[in-house]
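Have a look at the structure below, then the notes.
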Amino acid sequence: MKSIAVFFTFFISMVLTVCHSSDSKSNKEQETADSTFIRLLHYDSVPFKKNSDGLKAAVNYIDSIYYRLKSPRMPEKLYRYDRIVTFFYQSRLYSVAIRYCDSIIQLIDNENAIAIYPAQYASAYFAAGDSYAHMGNFSKAYDFFFIARKRAQQYVDRCALSDYTYRIAISLYKAGQYNESMSYFKMCLQPTNECGREIKYLIRRQELLSNIGLCFVGIHQPDSALRYYHLAIAKIKNEIYPDTQVSETSVAIGVVYGNIGKAYLLKGDTALAVKYFKRNVEINSLPNHDSHDANFSFLNLAELHLIQKKYDEAAVLLGRVKASIDTIDYDDTRQRWLLLMSKFYNYTGNIAASNKLLNALLTLRDSIEIRQREFKEMDVRQYIVTLENQEENKQLKEENEKKRFAMVVLVGAGLFLLVLLVGGVYLYRRTQKYVTELTVLNQTIELQKVQLEQRNKDKDHILRIVAHDLRNPIWGINALSKILLDEMQPSDKLYENIRLIHGASHSTMTLINELIDATMDIDRQIQTSREDIYEVINNVVEVLKHRAAEKYQNLVWLDVGKSMYLSFNREKISRVLNNLIFNAIKFSHRGSNIEISLTATSENLVIAVKDHGVGIPAELQGKIFEMFTPAKRVGTAGEKSIGLGLSICRGIAEAHGGKLWLESIENKGTTFFLQLPIRT
């Protein structure tokens, strides 16, 4: 046993010596990072202008020096990539900047050098996240900011870590997630209060106070926003820039004044809002000030002038903003300018110009919405949990790899000393430990699976709520557009636009209704009552007769006046019948008959809806009841299909203990059969 102890002491000493030598080599490499190459590439020494020629010249200058090196080391490789990332980012070529960020990350990963270059590693994720945010891909930006923060917190102090948290907060704010953004801003505020009185932390504190105020405005709490804005102004005047003559002070205060104006506007205090908007304009319209921020105050003042019918004053302000965005274009400024110019032309009688700008606004909004939709619809809390789990699993995998490596080393040492028995016992114990850990890990995965299934149910519940909330305003648009159509003549100037609005809102209502039905839990117990099935069929036929008449079709239902009571859910069966008859109208030719009949036995009744239309090809009949079926087709008059209706109908039929099926011959017609049990 004494000889074994001596060996292990010797073995561990050798391992530590190797590790120490490696660390010393890495440290020496870091100490020599300020090489001739890096000195030549100082930020002030590279020729660069924000245009294509300036960018090309800067990159060529960097590479001309880099490729003179015989054996470039890691610091020089990283510094080259970092400088190129900076220039592409400043030139707003964000996709190229991201590719170079990936090169930095891959280079450090391949060398397994995260612990040696933590700042460069985190900064690469940081820059990639900033680039994705500028491109409007906030979910991807959030991924990179999260990873940057996760990596940084292992190697940097709380003060430096707040920079990474700040970027996450900014990306959430840009995506309109104000409550979540406010939480991260407040998370940043506490560390900066503990970081002393360095100017960068003082500036960050006032930014955080102002940004928290912006979040309160976003959730319509202007009084709370004003409290944070006044704290920000006090900090600017008393702590950051005590000399009120410096331009940095006036710029910072001007920005906050504009924010205060928006808060008073939200409160309904127009006089104070105008006062602070004018203060903002007076400051940030000056040379070397924040002209982008001043544009927002110009736009706010222009909107107030439009409301007050001061069109000349509004035109002057909108003209100033137009000149500015023609030089430097921002999506948020251009959106607001397009909206207000459209209103201006509408108020002054130039309807054609108003509509042109409104179409441009809708196109821009659609483009921005497509970029941001994924992030806005994302459940942020759940997303954070998912990312945390991924990171924990990755760390667990890394730890297991380290443990396996340690096990191999120990087994090798045991074989070297021919202590097979001792090594075997040790290996057995280590293996048992890993089996236990894997068992626990499997249990954790199983638990996460159950949690994910529950979250899927929660997602469906949220979708139903959203669809319900959308249905009322869409129904209002549909009803109002119908009233306008009834009061207008086809020759009227806006008749076609109103008709398109009516058709679009009707299609949207149909989609919302089918989404609600598609997300409901069909397997749950359906509430039934004793109802007259003949009366239900008759009501559906009467409602859809006008729809059939539009195509000169005839609904044939001969059993009017009969009666038969059974237990079913009146609303849902009406929904099924409405869908079957409406489909028959949609896929039948003009002037044809659609026949509705009912047969009953002692146990079941069967309702048949028969048309003589286009029929369904045999290869599509097996897919017709699938949700979002690929078998959906266009009606005989160009009517569109969503692909949800028949799937929902079959679910309702089966929930009643019945069934739904079809018989069809292509180009001759289709018959749908709805069977319901006759319960006593």
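Per-structure values
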read-out	value
When residues of the stretch 269-293 are limited to those that are over 15 Å from residue 252 (Cβ atoms) and not in a helix (DSSP H, G or I), the one modelled with the lowest pLDDT	287
Sole residue being modelled with pLDDT under 80 and farther than 27 Å from residue 57 by Cβ, chosen from 142, 121, 125	142
Test set (1) farther than 22 Å from residue 364 by Cα; (2) modelled with pLDDT of 80 or more - residue 303 fails condition number	(1)
Selection count, the stretch 273-324, where residues are β-branched (Val, Ile, Thr) and more than 36 Å from the chain's Cα centre (by Cα)	1
Which numbered condition residue 641 fails, given (1) farther than 21 Å from residue 554 by Cα; (2) modelled with pLDDT of 90 or more	(2)
Residue check, residue 646 of a type in the set (A, V, I, L, M, F, W, C), surrounded by 15 or more Cβ atoms within 10 Å (Cβ to Cβ) and modelled with pLDDT under 90	yes
Failed condition for residue 628, given (1) surrounded by 17 or more Cβ atoms within 10 Å (Cβ to Cβ); (2) modelled with pLDDT under 90; (3) more than 27 Å from residue 535 (Cβ to Cβ)	(1)
Subset of the stretch 106-138 [surrounded by fewer than 19 Cβ atoms within 10 Å (Cβ to Cβ), in contact (Cβ under 8 Å) with a residue 12 or more places away in the chain and part of a helix (DSSP H, G or I)]	107, 118, 119, 134
Qualifying position, being of a type in the set (A, V, I, L, M) and not in a loop (DSSP other than H, G, I, E, B), among 609, 634, 614, 560	609
Test: residue in the stretch 350-357 that is of a type in the set (S, T, N, Q), at pLDDT 75 or above and part of a helix (DSSP H, G or I)	yes
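Residues checked against (1) of a type in the set (S, T, N, Q); (2) surrounded by fewer than 16 Cβ atoms within 10 Å (Cβ to Cβ); (3) at pLDDT 85 or above; (4) assigned to a loop (DSSP other than H, G, I, E, B):
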site	(1), (2), (3), (4)
339	no, no, yes, no
367	yes, yes, no, no
373	no, yes, no, no
387	no, yes, no, no
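The values are calculated or read from the model by the stated rules, or taken from the named source; none is laboratory data. Please read all numbers here as calculations on a predicted model, not as lab measurements. Using ideal geometry, Cβ is built from the backbone for each residue, glycine included, and neighbour counts are taken over all protein chains shown.
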